[in-house]
Amino acid sequence: MSGLVDGFLIAAVVVVVIARQFRAQRIDTERRWWLLPVVLAVVALREPGLIDAHHHTASVTLLTAELLIGLATGAAWAWTSRVWTEPDGAVWSKSTKASGLVWLVGIALRVGLYALGAALGIHQESSALLLALAATLLVRAGILAWRAQSPHPVSVRGTTYGDAVPRSAWKERV
């Protein structure tokens, strides 16, 4: 694929992911939650130019940093998402404002890495960003699936994993 097609693919996935993250979504641990990240990783890895041949060490360092940022973003995104169980046993998740902040920080760090690479004269392909996005989505989906299978018996609507007291038990101010 060309860099332009990769760019459109990355932009489309990011827009869909960000748009969906603030809507409540049922977590289905039996579905193939890992499939989209694996497809994105395969597309990224089959592209030539992932590593700049003229700046091999610096290029690998930037790619490693990109992947670490992707993994950290995915983990932080998953842990800042609310997870709750409905009375019928269905587990749901919804991102919070903190999740949005995680995305902004992750994007800012990636822009900084790209700027650093450009300043050093390193040729950077969009496949590195696509690979990091795959890592982000894989880690987030894995952590949410793990949280959904948590042994914590939560059955009150609006109660999230980690809450010490169900919200329905909180005393309201008059």
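The values are calculated or read from the model by the stated rules, or taken from the named source; none is laboratory data. Only a predicted model underlies this, so the values are computations on that prediction, with no experimental measurement involved. All Cβ positions, even for glycine, are placed from backbone atoms using ideal geometry, and neighbour counts span all protein chains on display. Please note that ligands, DNA and RNA were not included when accessible areas were found on the heavy atoms of the full protein model with its side chains. Shrake-Rupley method; radii C 1.70, N 1.55, O 1.52, S 1.80 Å.
Values for this structure:
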read-out: The stretch 126-153 - residue that is at pLDDT below 90 and surrounded by fewer than 18 Cβ atoms within 10 Å (Cβ to Cβ) and, of those, farthest from Val38 (Cα to Cα); value: Pro153
read-out: Single match in Gly74, Gly106, Gly89, Gly100 (criterion: assigned to a loop (DSSP other than H, G, I, E, B), of a type in the set (Gly, Ala, Ser) and either open to solvent by less than 70 Å² (accessible area, probe 1.4 Å) or in contact (Cβ under 8 Å) with a residue 40 or more places away in the chain (or both)); value: Gly89
read-out: Filter pass, Arg110 being farther than 25 Å from Ile27 by Cβ and of a type in the set (Lys, Arg); value: yes
read-out: Among residues of the stretch 49-71, those that are open to solvent by less than 60 Å² (accessible area, probe 1.4 Å), of a type in the set (A, V, I, L, M) and either in a loop (DSSP other than H, G, I, E, B) or touching a residue at least 24 places away in the same chain (Cβ under 8 Å) (or both), counted; value: 8
read-out: Index of the failed condition, Val83 passing every other in (1) free of Cβ contacts under 8 Å to residues at least 12 places away in the same chain; (2) part of a strand (DSSP E or B); value: (1)
read-out: Cβ pairs under 6 Å, 6+ apart, first in the stretch 21-32 and small (Gly, Ala, Ser), second open to solvent by less than 90 Å² (accessible area, probe 1.4 Å); value: Ala24/Trp92; Ala24/Lys94
read-out: Count of residues meeting criterion [aliphatic (A, V, I, L, M), open to solvent by less than 70 Å² (accessible area, probe 1.4 Å) and part of a helix (DSSP H, G or I)] in the stretch 6-46; value: 14
